[in-house]
There are 2 protein chains.
Amino acid sequence: MTDYTALSLSELKALKAELTKEYEKYKQKGLNLDMSRGKPSGSQLDLSNDILTMPIDNYITEQGIDSRNYGILDGISEIKGLFSQLLDIPTKNIIVGGNSSLNLIYDSFARLYIFGANGSTPWGKLKTKILCPVPGYDRHFAICEEFGFEMINIPMTETGPDMDMVEKLAKEDPDVKGIICVPLYSNPDGICYSDETVERLAKLETAAEDFKIFWDNAYAVHHVYKETKLANIFELSQKYGTSDRIIYFFSTSKITFPGSGVSMMASGDNYIEEIKKHFGVQTIGHNKLNQLRTFNFFLNAKGVIAHMKQLGDILKYKFDIVLNKLDSELTGTNLLTWTKPNGGYFVSVFTLEGCAKETVRLAKECGLVLTKAGATYPYGNDPHDSNIRIAPSYPTTVELNEAMDVFCTCLKLASVNKLIGEETK
Amino acid sequence: MTDYTALSLSELKALKAELTKEYEKYKQKGLNLDMSRGKPSGSQLDLSNDILTMPIDNYITEQGIDSRNYGILDGISEIKGLFSQLLDIPTKNIIVGGNSSLNLIYDSFARLYIFGANGSTPWGKLKTKILCPVPGYDRHFAICEEFGFEMINIPMTETGPDMDMVEKLAKEDPDVKGIICVPLYSNPDGICYSDETVERLAKLETAAEDFKIFWDNAYAVHHVYKETKLANIFELSQKYGTSDRIIYFFSTSKITFPGSGVSMMASGDNYIEEIKKHFGVQTIGHNKLNQLRTFNFFLNAKGVIAHMKQLGDILKYKFDIVLNKLDSELTGTNLLTWTKPNGGYFVSVFTLEGCAKETVRLAKECGLVLTKAGATYPYGNDPHDSNIRIAPSYPTTVELNEAMDVFCTCLKLASVNKLIGEETK
C-alpha cells in the first residue's frame, strides 16, 4: 500500500480531495455508531441468561449458612472457592465484594488515603504518587485524580510497563506509593505482563514501606485468539515476602452481566486482616444471594472456562473485523500502528503524532463515537496525541464493518491534513 | 409486685438465695439462646421467598435499558419510582445503592472526610464532632469512631433527641458537623421523632455551613402495633432551604432479605449532584438486576405496605412475648424501665444504675447472648451502665419465652446484688 508519508504535496492534496468526498458521503448517512466503551453485546449477555431464570432452590450454603439472612462478611465459601480455583489464590486471602471491582479499587484507595496501611501514615497526608503504565484504563486514572494522587506515566513495552523506570522510581522516591496494573490483556493495548515483569514487581525494592500493587486482573480469563498464561503474582510475592503489597482485583462483570457480577479482592495475610477490620465497619457483607446465583451458574472454575470459550468466540469475530480492516486499509501506509491482542476487550491504535484528537473529532461528526482521545492517559493528556482505543464488542458485525470504514477514512483524512500542514510549513 | 428497692437487707439476702437457685438451674440446662442482633427470623424471610424463584422474564426496563448491561449510575427508574412513592421524596433526589444502606452511610462519612461538601473543608482536616442521640445504633457509632469524629451524646426524650441541646451545640460550635438519627422506631428505644423535632432539625441554625443530618430511616415501614407517621424532613427542609443538609438513607434489607436488599440515599439538588460526581468515579452503578427483582416482587409502594403488614404480624407475636414477660415479672419492682415501641426491631430496657453489664454477663454464663451492654452508646460507654437492647426477632417463640425468663432472673439477681452492696456499704 501507498506510504502516505512519502507522498508529495500535490499527491497529498489529491488524496485529501478524494478522502473528503468519501467522508462527506458517510456524513450524509446520519450514522449512529459506537466503539467507545468495553460494553458486551447482547449475544455475549445471552450466554448468561440462565442466571435470570434459574431459581435458588437451596439457600443454605455448604457451610450451613442461610444466605437470605445477615452473616458472612467476606463472601460465602462457594464463591470464594470458585475464585480461589480460578485464580490460584488461597481462600483465606480473598474478600468478596459487591457488583464491581472498580468499587473495590476506589475503596482501597480511599482506605489508604484515610488510614494508610498497617500503621503507616495516611496517604492523604502525603504527596502520594502512583505509577501509571500508559496507555491505560481511564477509570483507574479518574480514581487517582479523585484523591489528588500524582500520576506518573510509565511507558508500556511488549512485556508490560518499563520495569527499569518502575524500579528506579519505586526505589528512590518514598512518595511513590503504588502502581496500578491490568496485567493480562491490558486496557487498551492487550499487552500481557511477562513472567519476568511479574517477578520484578513482586520483588520490587521500594522506598515506601506501604507500597501497593493494584493488580486489576480484569481480563484474567478473557482469552480470544490464544490463552496467555500470567505468572501468579500472589505466589511470587509470597516467595519474596511481599504479599501484603499486592491488592488483587477480579470480577465476573465481563463474564456474566456487567453490573450484576461478583467482585473480589485479595491481599497478604496481614493486610487482608486490616482490610477486613475496615470492611466490617463499612458493610454487613455483600449480596450473598447474588454470590450463590453466580456460583450455581458456573459450579466450578471449569464452568467459567467453558463459558469464556463461548464468549471468546463471539469476541473473536469482532476482533477479526477490526484487525482485518486495519490490515487491508492501513498496512504500509505508515499512518498507524496497532496491537494484535490475544484477548481482552480492546484494540489500541497509534496515529501519527497529533492526529488522535482530530480523528476522533472527525468520526464524531460522522456519527461514530470513539473513546475520547487522551482518555487512555492520566489527566486525559496523551503527550503525543496519538493513542485511540477501539472497543469492538458492542456493535453488531454490520455496524462494526461500517464503523471501521468510517474510522479508516477519518484517520486517513486527519493524517493527510497533518502531512499537508507539515509540507506547507 | 414487690418493690425491690424498698426491701430490707435480710429480705434482699433471702431473695438472692432464691434467685441464685433459679439461676443455677438455668445454667445447668446448657442453653443456647440469642437476643443480641436485629436479625429476622426464618418465617420473616420466608415471606420474600418468591424473590428466590421468580424469573426475570423481561430485562429491558421501562426506559428501554438492558438491565443486564452497563449503564444507569443512580438506579433504574422502576425502583427509584418505588422508593419515591414509599418515602415521598422526588426521584431526582434519589441515588440507588447496593445491598446495604450502612455502606452508603459509611461512604457518605468517607466522602465528607476526604472532600468536604460543596467546596467546604474536608472533615478529615478538622476537629469534627457528630451529635449522637443516645442510646443509639452501635454500627453508626462504629463508623464515626472509624473516622476519628468525636461523638457527643444527646439524650433521647419521648419525642426524639433533646432538641434544646442539639440547637445550642449546632449553633455555637462550628466543629459540630452533623447528627446521626434513626428517626422512626429508633434503635434501640423505638422512639418516633415528633413533628416538632423534625421541623426543628430542618430549620436548625448551624455554625457549620456544611452541617449534615444523617437520616437513617431504616424502619420507615416497620410498623408493629400501630402505624406512626413521621414528618417528611425532605419537604420541611425544602421549605427552610436546607435540603442539601439532609442525607436520607433507606433500604429493603429488613423488608426482604438482609444483605440482598436494595439501598438508597437522597439529598438536596446541589448535594446529590456532588455525590453523583464522586459516585460516578467510585462505581459503574449498582446491581440493576437485583433492583429489578426487588421491584418485580413489590410492583409499587402498596405492595411493600401489604408485605410489611404480614411481617409486622410476625414481629408483633415476638414483641408481645417480651413485653408481657417484662410486665408480669418486673412491673412495680422498681428494677427496670422499658419502652413499648409501636414498631421497629427492638425493646430497650434500663436497669438500675450499674446493673446492665452484670446482667449481660450473668446471661452469657447461662447461655443467653444479649447485645453487649454499652453497645448502644458511643465508644461502648453507657455512662449509667443501664441500657440493654433486646432483639426479639430471631429466636423462635419457645426460645424467646425461655430467653426472657433467663433475662428476668439475671436482671433480678444483678439488681439484688447491687442493692445488697449498697445496704452493706
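Points worth noting:
- Close amide H pairs (under 5 Å, H built 1.01 Å from N) link B:T157 with B:D162, residues at least 5 positions away or on another chain.
- Exam field: A:E196 pseudo-label spacings to other copies (7 Å along Cα-Cβ), nanometres: 7.9
- The mean of 1/r over all distinct Cα pairs in region A:265-344, once inverted, gives the Kirkwood hydrodynamic radius of 17.2 Å.
- For residues of B:251-259, the mean tally of beta carbons on other chains within 10 Å: 4
- Of all DSSP beta bridges confined to chain A, the antiparallel ones make up roughly 45%.
- In the elastic network of chain A, a GNM with C-alpha springs shorter than 10 Å, the most mobile of A:P188, A:P174, A:P383 is A:P383.
- Between the helical axis of A:269-282 and the longest alpha-carbon principal axis of chain A there is an angle of about 90 degrees.
- Every helix of 4 or more DSSP H residues in chain B counts as -39500 (n - 2.57), and over all residues that averages to -13500 deg cm²/dmol at 222 nm.
- Using a 7 Å Cα-to-Cβ projection, B:D57 label spacings across copies, nm, ascending: 2.3
- Note that region B:129-145 has calculated 3J(HN,Hα) couplings of 10, 10, 7, 10, x, 10, x, x, 9, 4, 5, 4, 5, 4, 5, 4, 5 Hz, one per residue in order, obtained from phi through the Karplus relation 6.51 cos²θ - 1.76 cosθ + 1.60 (θ = phi - 60°); glycine and proline are x.
- Computed from the Cβ-Cβ distance with R0 of 56 Å, the FRET efficiency linking B:L9 to B:Y317 stands at 0.85.
- Region A:68-82-region B:138-209 distance, computed between alpha-carbon centres (Å): 35 Å
- The local environment of B:T5, defined by Cβ-Cβ distances under 14 Å, has a net charge of -3 under the rule Lys, Arg +1 and Asp, Glu -1.
- Summary for A:D320: label point 7 Å along Cα→Cβ; distances to the equivalent points in the other copies, ascending, 7.0 nm.
- For region A:192-200, 3J(HN,Hα) per residue [Karplus equation, 6.51 cos²θ - 1.76 cosθ + 1.60, θ = phi - 60°, Hz, x = Gly/Pro]: 10, 5, 6, 3, 5, 4, 5, 5, 5
- Diffusion constant of chain A at 20 °C, which comes from Stokes-Einstein with the Kirkwood Cα-pair radius and 1.002 mPa s, µm²/s: 94 µm²/s
- Measuring nothing but alpha carbons in the protein assembly as shown and taking Rh as the Kirkwood radius, the Rg to Rh ratio lands at 1.03.
- Global geometry of region B:71-299, whether rounded, prolate or oblate, following the gyration tensor of its Cα atoms and the 1.5 cut on a/c: oblate
- Each of B:E365 and A:T337 was given a label point 7 Å from its Cα along the Cα-to-Cβ line. The distance between the two points is 7.8 nm.
- Here's how it looks for A:Y59: its modeled amide H is under 5 Å from none belonging to a residue 5 or more places away or on a different chain.
- In chain B, Cα pairs under 8 Å separated by at least six residues give a relative contact order of 26 percent.
- More than 28 angstrom apart: percent of Cα pairs within region A:204-339: 39 percent
- Beta bridges per DSSP, both residues in the protein assembly as shown: antiparallel share near 45 percent.
- Taking region B:71-299 and dividing mean pair separation by its residue count, relative contact order in percent (alpha carbons under 8 Å, at least six apart): 27 percent
Taken together, the values in this text are just the output of simple stated rules run on the coordinates, not laboratory data. Quick caveat, the model's predicted, so the values are computed rather than measured. Glycine gets a Cβ as well: all are built from the backbone with ideal geometry, and neighbour counts include every protein chain shown.
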